[in-house]
Amino acid sequence: MITFRTNMGDFSIELDFDKAPLTAANFLQYAVDDYYTGTIFHRVINGFMVQGGGMIADMSQKETRDCIENEADNGLTNDIGTLAMARTGEPHSASSQFFVNVADNGFLNHSGKNMQGWGYAVFGKIVDGMDVIEKIKGVSTGNQGGHGDVPDDTIEITETVISDEYAAK
C-alpha cells in the first residue's frame, strides 16, 4: 500500500500488479523515488476526477522517466475510487501523472486498440481516505499558468509512505 499525506488529509492506494503490472510497477517506482512528494493536484473537476503527480505549486512540470505502454485493456474500469494514468492524446504517453475517478467514467474505459478506443489504464484503487478525495473534488478552481480547473488553494502531497510489502517489490 502507498499512502499519500496531503495538506487536506491522507489517502491510501492499493496497486493491481496482476492486471496492470507495468503501470503498477511504474507508479511504485515513482513513489519509491519520492517523486510525488511536493507535487500538487493541479486539475480538479467535481463529478469527474482529481489529477496530480506531475506538477509543483508554480504549475511547472517535473521531469519524468520515459512513457509507458498503455494497459487500459486489462479489464479494470474507471469507476469511483479507482486510480488511472493520465496521458496526452497519444495512447502510450503516460508517465507519472495519475487521476482518481470521482464518478463512474465508463467513457474512459478501453474499447479498442485505436486512437478513439485506447482508454485510460486503471491500475489501482483508494482503500482508505476516500473522504479526503471527496474533500479535494469539492474545492474551488480557476485558471493558473495557462491551465484550467486548478484548485484556488494548493493541494500538495507532503509525504509518500510505502508499506513494507510494497517496499520489498
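Each reported figure results from applying straightforward, stated rules to the coordinates on display, with no laboratory input. Computed from a predicted structure; not experimentally measured. Please note: Cβ atoms are built from the backbone with ideal geometry, for glycine as well, and neighbour counts cover all protein chains shown.
Okay, here's what the table says:
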| quantity | calculated |
| --- | --- |
| Least to most buried among Thr160, Thr64 (fewest other Cβ within 10 Å first) | Thr64, Thr160 |
| Average Cα contact separation per residue, the stretch 2-167, under 8 Å, 6 or more apart, as relative contact order % | 35 |
| Table column - 3J(HN,Hα) (Hz), the stretch 155-169, Karplus curve with 6.51, -1.76, 1.60, x for Gly and Pro | 10, 10, 7, 9, 7, 10, 10, 10, 5, 4, 4, 6, 4, 7, 6 |
| Sorted peptide list for 130-140, 106-116, 8-18, criterion being average Cβ within 10 angstrom, highest first | 8-18, 130-140, 106-116 |
| Residues with amide H under 5 Å from that of Met49, placed H, sequence gap 5 or more | Val102 |
| Positive-end extreme of charge dipole, the chain - chosen from Gln51, Trp118, Ala84 (charges on Cβ) | Trp118 |
| The chain: calculated mean residue ellipticity at 222 nm from DSSP helix runs of at least 4, using -39500 (n - 2.57) | -4000 deg cm²/dmol |
| Radius of gyration, Dmax [the chain; alpha carbons; angstrom] | 14.7, 41 |
| Footprinting exposure proxy for Asp66, Asp58 (fewest neighbouring C-beta atoms within 10 Å first) | Asp66, Asp58 |
| Phi to ³J(HN,Hα) by Karplus 6.51 cos²θ - 1.76 cosθ + 1.60 over the stretch 16-29, Hz, x for Gly, Pro | 9, 6, 6, 8, 9, x, 5, 5, 4, 5, 4, 4, 4, 4 |
| Amide H partners (placed H, <5 Å) of Thr141, local residues excluded | Asp152 |
| Given charges at beta-carbon only (K, R positive; D, E negative), |dipole| of the stretch 2-167 in Debye | 440 |
| Amide H partners (placed H, <5 Å) of Gly124, local residues excluded | Asp16, Leu83 |
